[in-house]
Structures are given as C-alpha cells and as structure tokens.
Amino acid sequence: MAKEITSRAENYSEWYNDLVLKGGLADYSAVRGCMVIKPYGYALWENMRDILDKMFKETGHVNAYFPLFVPKSLFEAEEKNAEGFAKECAVVTHYRLKTDPDNKGKLIVDPEAKLEEELVVRPTSEAIIWNTYKKWIQSYRDLPLLINQWANVVRWEMRTRLFLRTAEFLWQEGHTAHATRQEAMEETIRMINLYADFVENYMALPVIKGVKSESERFAGAEDTYTIEAMMQDGKALQSGTSHFLGQNFAKAFDVKFVNKENTEEFVWATSWGVSTRLIGALIMAHSDDDGLVMPPKLAPHQVVIIPFLSKNLEETEVMIDKANDLKKELAKMGIRALVDSDETKRPGFKFAEYELKGIPLRVVIGPRDLANGVVEIARRDTKEKAFFPTDNLPGTIQGLLEDIQQNMFNRAKSFRDSNITKVDDFEVFQKLLDEKPGFILAHWDGTAETEDKIKELTKATIRCIPLDNPQEDGKCILTGKSSKQRVLFARAY
RNA sequence: CGGGAUGUAGUUCAGCCCGGUUAGAAUGCCUGGUUUGGGACCAGGAGGUCGUUGGUUCGAAUCCAGCUAUCCCGACCA
C-alpha cells in the first residue's frame, strides 16, 4: 500500500487527517491554522457553492461583496456581537513595511505607518454590512433587502483542524433586512430549511433542525436556528446556522425605514451561513477505512472509466476509444466522468487510488468482458462489483448513481437514528456518552446554569431544541425540576 | 492559551541519549527493459544548507535557548 490510511477504530482523528491529506483535498500551509485547499477539494467546494448559490437565487437573494476589513469603531457598534468575536480577531495596525537598517535583506513593520484606527479582519460581516444598509434603506419600498456574499473570514482559533476549524475559511453569509418581525422570522426559517434540504439531498446527510439555547446562540442574535448532523464517531457537527437578529443591528447602526403610515421604524434582520466546514462533515459522515466516499451529486468526478491496456496496441486503442465514447455519452446526460488511460500505472494501483478519492462508480473496460458484451462496474459506497451489459450503459450508470446517493443517505440516517437515545437518568446519561457516542434526548430545566453544569460534567452540550419537538412532561436530567420537552444533547466538534 | 509529543530526501522514518570522515533506509521520482484483470519486477540515476534564528564548542542533525509549524489531551469555536 503506497498510501496507508489510519483506520477509524485505531484513531478517528488521524483517519480524518489521512483522508483530507492523502485524498488530495487540502494541505497544510506555512500560515498558522490556515490550509491550502487543493484542486480536488476546491472542485468539491465549487459544486457545493454552485448548488447553494442557485438555491439562494431561487429564493430571491442576490450576491454582493463587502470589504475584508472592518474599522474597529464599526465592529464594536453592536456590543454583544463585538464581545462574542473580540477574542478571536486578527487586527491590522500598520500599512507599510520597510527594509531593516540593522539587518540587510529583512523587513520590519514601519513604526511610522501606524493606522489611525485599527482594522479588524472580518470574523463575520454584520458590522460592515449594516453600516452600508443604513445608506440603502429609507422606505418600506426598499425592503426586503436580500443579499448574500461568498467570502473568506478569519477567526483566530486556538486549535485548528483541516476544514472543521481553520483560522481562515470560506463561506457564504446572507444578510437580510425586513419591514416586520414576522417577515424576518419567516426568512430565518426559510433559510434553515434550505440548508437542511441541501445537506440532506446533496450531501446525503440527515440533519436535525432546531433552535439553539441561549448560551449557544450567535452573538447579537435573538434566536439561532441550526442543523446538526451526526458523524461516525457519534459526535455532532453544527452544519449551518440561520439567525433571527431582531432589531439589534438596526438599532446599533441606526437603520430605520418609513412605513406606509409615514412613521419611522427600525428594520428587522437575519443572517445565515454555511462554510467549508461542510466538507469536513461530508468526509466524516460517509468515508471508510479505504478512503473518501463522495455522494454522487457533489463528487468532482462521478465516474472513473479505466480501460485495460495491453501489449496489443490495436486492442488497447479500441479500449481507450470505448472509454472516451462512454465519457462523451455520459457528458450528454450531465454526468461527470474521468477516463484514466495512463499506461504507466497498473490497474490495481488505479483502483486503490480512485477508491481513496471516493469516486462513486468505477467502470472497467477490458477485452475479455467486452467480448462477452459486458463491463465491470464497482460502486464505492458498498464495494460491490458486478457486470452490466454494454447496451444502454449511460442509463445503467445514471441509475446506479441515483441508487448510491439514496443508499448513502439511508445508511447515514439509520446510523444516526440508532444512535439517538432517550435518557431520564443522569448516571445513564454520563455512562452512555462515554460508552456509546451519539445523541441523547433528555429533559432540561431551561436554565443556562444547568446547561453549563452538564457541559462541565460530561462535555456534552445542548445541540438544539428540535423544531416540532413533541411536548411531554418530564424532569430535568440534572436538577429534577419540571420540563415540558426533551432537548438534544451531544458532544460536538 | 495550559499539558504532552514531534519536526532529518517528495513521503514515512532511523541516526541524537554518549558532538568528530562523504547523514542512511524504505517508498516515491527520473532513465532503460520486462510487465499490465486489485497498489509489478530488474538494472542504473537524481534528490538533504537535518524546521528556523541564535548560543556553547577546535568541531553541532546530535548539547542549550528563543521562534515557528504539526499531532494528541483540555479550554474557545462554524
């Protein structure tokens, strides 16, 4: 084995790192906490981005771009938001370097080029955007304002992990302004539903939608909606959030509009985002000890076609032609195929390589099978190999891709469902978290103190209060105080 | 940021404790040949200022310090 992958059982974290690095998705860089997204990883992100972008536009949003830098005075305008992010901000203090007079060939920061006002590298863009919205919004006719931006943000995290938590990451952030509380709330819900739709239908990953408790809420929001997914180690990954911001930012940035009755009102706001972290979720939810497993709808290459090559040049040429013909036919149906006719690598090497890369289907075209009117097709999700007639191959492949997409979702869903447990006893709660990782539904008295205490004792946090949560009488798992519903607990990334 | 570990060829690592020729291996890479239905084989070859800066020393991959990066365990977090 040229590229050994640590097994999940041996070390889950190393397994994850191996997949990212050896699967060719990303690489470490010379910058602390920042990664290089390699072409294969970026192709995956482009697919995700393009689909989401289309979904945003179908729901009436438009794209714009706001500056990377936020003047400190703007950043601090919304107090809670500023406080929440303050301890992880990169700050620009100077605008010039100069050659070091004492050390030839080296540069130093020019002390004379100190900025009057420091610039914060955006950890999120509410401040700069709401400062702009003030200029754009005067009348109810200017509302709703539905803007999204694709951007990079910087959050100076203590400890970073490829895709899951990097100091700089790519994301989209939607920032909307509305005339009424109800409209803004509807937007908040619309977007969390859109994210759930994307993650479930494209990433093949089931999610639980819910509301964050007060202590897990976005800094500056009145309510944070979240989608939570379960990874193969039973831990939760927050995969997307949609915030109802109330009038907090409108008040902080003095954004008012005149309504039909000619009275001034503050506007209502939402913001929502998903990031390259979704790639981490995709990897951890579906992959196995042989490498990545890409859901067909997002896979950079959905099919790899490998023609068998031999000394017989004439025969080899026929195999390569067949492979290229199939690729063209697939392209007509919108299926992304890759032909590997590299004669310097043996088939076994290629099989292993494309399994590592997670390509959903592998089609092998060889003289022996072709004489029998069949080709061998192997699917990545189940590792099954089977022969299929050469007639209507594109149709067969399309069917298989759909089946893989569905199978991956079903598999992830049954794994998740079998790892959600209702618990009513705190000792069982603690024991379960250590022995059988997963989600736990338990009663909670609704206080931040209890939530903190549970976190301290078990490292588990309230992931969300699920939407459409069944109401039932119960007693808080820790304090025994009365409770009307169960909330979702888990250890999280 | 606290605790632990690590950084030597593209990659994985040995050498360091006990300083002293020209720093090794496997794998990968290049060339030629034989191969090709699950990570091929033979022969030849290229590739390293030992993470970085400074210190100790006649002499540093080896000893000491700072910095930097990565991994693991915490705290923080999408």
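The values are calculated or read from the model by the stated rules, or taken from the named source; none is laboratory data. Bear in mind the structure is a predicted one, so any value in this text is a computation, not a measurement. When we count neighbours, we look across all protein chains shown, and the Cβ atoms used for this are built from the backbone with ideal geometry, even at glycine. Surface areas here come from the heavy atoms of the whole protein model, side chains and all, with no ligands, DNA or RNA. Shrake-Rupley method; radii C 1.70, N 1.55, O 1.52, S 1.80 Å.
Before moving on, here are some points about what is shown:
- Just one of the listed residues (A:378, A:323, A:299, A:337) is over 23 Å from residue A:47 (Cβ atoms) and among the small types (Gly, Ala, Ser), and it is A:323.
- Of everything listed in (1) more than 17 Å from the chain's Cα centre (by Cα); (2) in contact (Cβ under 8 Å) with a residue 12 or more places away in the chain; (3) within 12 Å of RNA strand B (Cβ to nearest atom), the single unmet condition for residue A:35 is (1).
- Which numbered condition residue A:318 fails, given (1) under 25 Å from residue A:56 (Cα atoms); (2) away from RNA strand B (no atom under 11 Å from the Cβ); (3) part of a helix (DSSP H, G or I); (4) of a type in the set (A, V, I, L, M): (1)
- When residues of the range A:262-281 are limited to those that are part of a strand (DSSP E or B) and among the aliphatic types (A, V, I, L, M), the one surrounded by the most Cβ atoms within 10 Å (Cβ to Cβ): A:269
- Residue check for residue A:259: in contact with a strand residue (DSSP E or B) (Cβ under 9 Å, 6 or more places away or on another chain) and open to solvent by 10 Å² or more (accessible area, probe 1.4 Å): yes
- Residue that is nearest to residue A:408 (Cα to Cα), among those in the range A:237-261 that are within 10 Å of RNA strand B (Cβ to nearest atom) and small (Gly, Ala, Ser): A:239
- Considering the range A:321-352, and only residues there that are open to solvent by 90 Å² or more (accessible area, probe 1.4 Å) and closer than 23 Å to residue A:401 by Cα, the residue that is farthest from RNA strand B (Cβ to nearest atom) turns out to be A:332.
- Unique match (being of a type in the set (D, E, K, R) and more than 22 Å from residue A:129 (Cβ to Cβ)) among A:46, A:78, A:83: A:46
- Exclusive hit being at negative phi and without any contact (Cβ under 8 Å) to a residue 40 or more places away in the chain, set A:461, A:450: A:450
- Residue A:166 open to solvent by less than 10 Å² (accessible area, probe 1.4 Å), more than 13 Å from RNA strand B (Cβ to nearest atom), more than 28 Å from residue A:448 (Cα to Cα) and hydroxyl-bearing (Ser, Thr, Tyr): no
- Check on residue A:466, buried (at least 17 other Cβ atoms within 10 Å of the Cβ) and out of contact with any Asp or Glu (no Cβ under 6 Å at 6 or more places or on another chain): yes
- Only listed residue being within 24 Å of residue A:230 (Cβ to Cβ), open to solvent by 40 Å² or more (accessible area, probe 1.4 Å) and in a helix (DSSP H, G or I), chosen from A:457, A:478: A:457
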